[in-house]
Amino acid sequence: MRRSDADTLRIAVFGDGLAKRIASGEIDAEFVIGVLEPYASERRQEKMKRVFASRLASVTIVLDAIHDPHNGAALLRTSEAMGLAEVHVVARGETFLAHAGVARGTHKWVKVSAHASGGECVEALRASGHVMVATHPDGDMVPSDLAKLPKVALVMGNEHEGIAPDLREACAHAVRVPMRGFAESLNVSVSGGILLSWATQGRGGDLTAAEQRRLYARGLAVTVPNAPALLERAAAG
């Protein structure tokens, strides 16, 4: 049975409503920065700017109906740690859940794009120019090959059923994790961590200045206490 309780987060698209509106441009990033930046310490400001400057749009990950909230949280946390700007989720009728204790707040810093179907996800990745690479024990690629692709979307399958056909058929390649022990497979979150480490090697931050400013505005919105009230007051001002 799938566990959903007080320790489980229901991951929405790019966090809460305010964050989504900033990310979409509905709320001007410069307005948010102008209002909220004075309430953040210089140290906090510098750290956020430094982190967002190293964010990667060239590497992303697709989570195909990941069932276990611990796996979902671990993959989100690893994605944030490796510098990914965005994670794609195909829920297939289930809400994407992440265990709060495992995610450790990292879900606040990653754009989570939810798709109603695999086809919708494929369309988005083709539009962004990402090459889709499935994970498979008999893949034609090894982890070091991932860093050679200009834009790569690593596709991770469901723990029980693997990658669904609509996503698998859209993948140009499959990548394997070479193993030399008796184990024939790895946990999905472990595989994801290994492959993302290789995929991000040697890449510098590649977001545009405007994208970095939107991330910075969103970071202030989730960092500054009472940010919604402060923005509302300034807008009414």
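The values are calculated or read from the model by the stated rules, or taken from the named source; none is laboratory data. Predicted model only: the values in this text are computed from it and were never measured. Cβ coordinates were reconstructed from backbone atoms using ideal geometry, including for glycine residues, and neighbour counts include every protein chain displayed.
Quick notes on this one:
Residues checked against (1) among the hydrophobic types (A, V, I, L, M, F, W, C); (2) in contact with a Gly (Cβ under 6 Å, 6 or more places away or on another chain):
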position: 150; (1), (2): no, no
position: 156; (1), (2): yes, yes
position: 171; (1), (2): yes, no
position: 175; (1), (2): yes, yes
position: 186; (1), (2): yes, no
position: 214; (1), (2): no, no
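- Residue check, residue 25 small (Gly, Ala, Ser), buried (at least 17 other Cβ atoms within 10 Å of the Cβ) and either at pLDDT 90 or above or under 21 Å from residue 228 (Cα atoms) (or both): no
- Residue in the stretch 200-211 that is buried (at least 16 other Cβ atoms within 10 Å of the Cβ) and at pLDDT below 95 present: yes
- The set of residues from the stretch 12-64 being in contact (Cβ under 8 Å) with a residue 12 or more places away in the chain, of a type in the set (Ser, Thr, Tyr) and either assigned to a loop (DSSP other than H, G, I, E, B) or touching a helix residue (DSSP H, G or I) at 6+ places or on another chain (Cβ under 6 Å) (or both) comprises 54, 58.
- Against the list (1) modelled with pLDDT of 95 or more; (2) of a type outside the set (A, V, I, L, M, F, W, C); (3) under 30 Å from residue 51 (Cα atoms), the condition residue 169 fails is (3).
- Qualifying strands (runs of 3 or more DSSP E) (wholly inside the stretch 100-198; at least 3 residues being buried (at least 19 other Cβ atoms within 10 Å of the Cβ)): 111-115, 131-135, 152-156
- Test: residue in the stretch 182-190 that is under 18 Å from the mean Cα position of the chain (by Cα) and small (Gly, Ala, Ser): yes
- Any pair with Cβ under 9 angstrom, 6 or more apart, that starts in the stretch 162-178 at a residue that is under 20 Å from residue 196 (Cβ atoms) and ends at one that is surrounded by 20 or more Cβ atoms within 10 Å (Cβ to Cβ) and among the polar types (S, T, N, Q): 162/135; 163/135; 174/135; 175/135; 176/135; 177/135; 177/191
- Scanning the stretch 212-226 for residues that are surrounded by fewer than 20 Cβ atoms within 10 Å (Cβ to Cβ) and either in a helix (DSSP H, G or I) or within 17 Å of the chain's Cα centre (by Cα) (or both) turns up 213, 222, 223.
- Condition check for residue 49: surrounded by fewer than 21 Cβ atoms within 10 Å (Cβ to Cβ), modelled with pLDDT under 95, under 12 Å from residue 215 (Cα atoms) and of a type outside the set (A, V, I, L, M, F, W, C): no
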